[in-house]
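Visitor: Quick one: the structure is below, questions incoming.
Values quoted throughout were computed directly from the atomic coordinates according to the rules given, and no laboratory measurement underlies them. For clarity, every value in this text was computed on a predicted model and none was experimentally measured. Cβ placement follows ideal geometry from the backbone for every residue including glycine, while neighbour counts extend to all protein chains displayed.
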Amino acid sequence: MKLIIEGGLPASDRKKIALALSDEFTADMPMVLELLFVSEEEIRALNARERGVDAVTDVLSFPASGYVRGRPIVAAEHADCIEPVMGIRKGEWVQKGSRLYLGSVAVCKKRAEEQAEEYGHSVEREICYLIVHGALHCLGYDHMTEEEKRPMREREEAVMAKLNLRREE
């Protein structure tokens, strides 16, 4: 099913990332992921408020629902995450369809730039990685334990390979 990424990047870049992520889930309706670029101050405030960690971080994810990795996403089980798609027909606003809200990903661009330099790769690669990482969190992946970390890293690398942004060997 189709994934739409809204905000933060030019449409062509959002579309490429969404397409690379599309094999990571199955859903019975289109999905939408909100992408935000925030300052160091904003991400620190979000991190403190949402996680109790008063520090700047690179990316934060805010899943809309309790999606479980590897399990099909069924709209009927997440009715609170369905949003209408509106359009104009004959001069009037009408609902043209619906989509399922996956969640939001907030990326600190300054931190991404610092990390790209630190790791010796492009800012583009770092930002894409952070978006992919955040999207996978919204899809139910995590990395708190070694058992969770392995599948998440495998999926990150697979998506990054589709974007032709592999880790430098």
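Visitor: If you go through the range 123-169, how many residues are surrounded by 13 or more Cβ atoms within 10 Å (Cβ to Cβ) and either touching a Phe, Trp or Tyr at 6+ places or on another chain (Cβ under 8 Å) or not basic (Lys, Arg) (or both)?
Guide: So the answer is 31.
Visitor: Given the criterion of a type in the set (A, V, I, L, M, F, W, C) and closer than 23 Å to residue 148 by Cβ, identify the matching residue among 94, 53.
Guide: 53
Visitor: Is it the case, given these coordinates, that residue 123 is in contact (Cβ under 8 Å) with a residue 12 or more places away in the chain, in contact with a helix residue (DSSP H, G or I) (Cβ under 9 Å, 6 or more places away or on another chain) and of a type in the set (A, V, I, L, M, F, W, C)?
Guide: no
Visitor: Going through the range 1-51 one residue at a time, which ones are surrounded by 12 or more Cβ atoms within 10 Å (Cβ to Cβ), out of contact with any Leu (no Cβ under 9 Å at 6 or more places or on another chain) and under 18 Å from residue 124 (Cα atoms)?
Guide: 13, 15, 36, 39
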